[in-house]
1. Above 25 Å lies some portion of the pair distances; for the stretch 30-150, what is it as a whole percent of all C-alpha pairs?
2. Within 10 Å of each residue's Cβ, count the other Cβ atoms and sort M86, M73 from fewest upward.
3. So if I take the centroid of the Cα atoms in the stretch 46-77 and the same for the stretch 116-151, what is the distance between those two points in Å?
4. Can you compute the modelled spin-label distance between E95 and L138, with each label point 7 Å from Cα toward Cβ, in nm?
5. Over the alpha-carbon set of the stretch 29-89, work out the extent along each principal axis and list the three values in angstrom, largest first.
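Throughout, read-outs are computed from the coordinates displayed, never taken from laboratory work. None of these values were measured; they are calculated from a predicted model. Glycine gets a Cβ as well: all are built from the backbone with ideal geometry, and neighbour counts include every protein chain shown.
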Amino acid sequence: MNENDENAAPALDRLKSGGKSRKGCELTAVHGKTILAIEDEGMLRVYLQMMLGESGYKVIMAADGREAIQRYMENRSEIGLVLLDMGLPEMSGEEVLSTIVRVNPGAKVVAVSGSVEPDVQASVLKIGAADYLGKPYLAEEPLRKVDNLLH
């Protein structure tokens, strides 16, 4: 287990214990909307799948850049939003983001990165990301971003 997996563990435990991590949040998922979540860290993939799925979203997962592009191309007509980890194996997050916005200029993509460099956020927004989420994040932050962009 690496550092990111360890950071996700407490949030995953709270989610398993009845979703207490979302206490006080006014988040209303649109049932049937599909999210493509691209994350190379195993525990974070499990967490995102559970959190988004329990909130009514259909979730398609990808673990690396090449798989992300494949899943997007196969399902682009139903994908409402993409959560994209920028630090991926096989293909960089920037390459994945560029490909998605080239195929679909109106795609809603949330770029997720552990980088604290302000240039990273500016760069992904310039390429075409709709929003940015820094790591580590609070348990409900990915759902809040999804909810805000899809409503």
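1. Every Cα pair in the stretch 30-150 considered, those over 25 Å come to 11 percent.
2. In order of increasing Cβ crowding within 10 Å: M73, M86.
3. Here the two parts' Cα centres lie 16 Å apart.
4. For the pair E95/L138, the computed spacing is 3.6 nm.
5. 31, 26, 13
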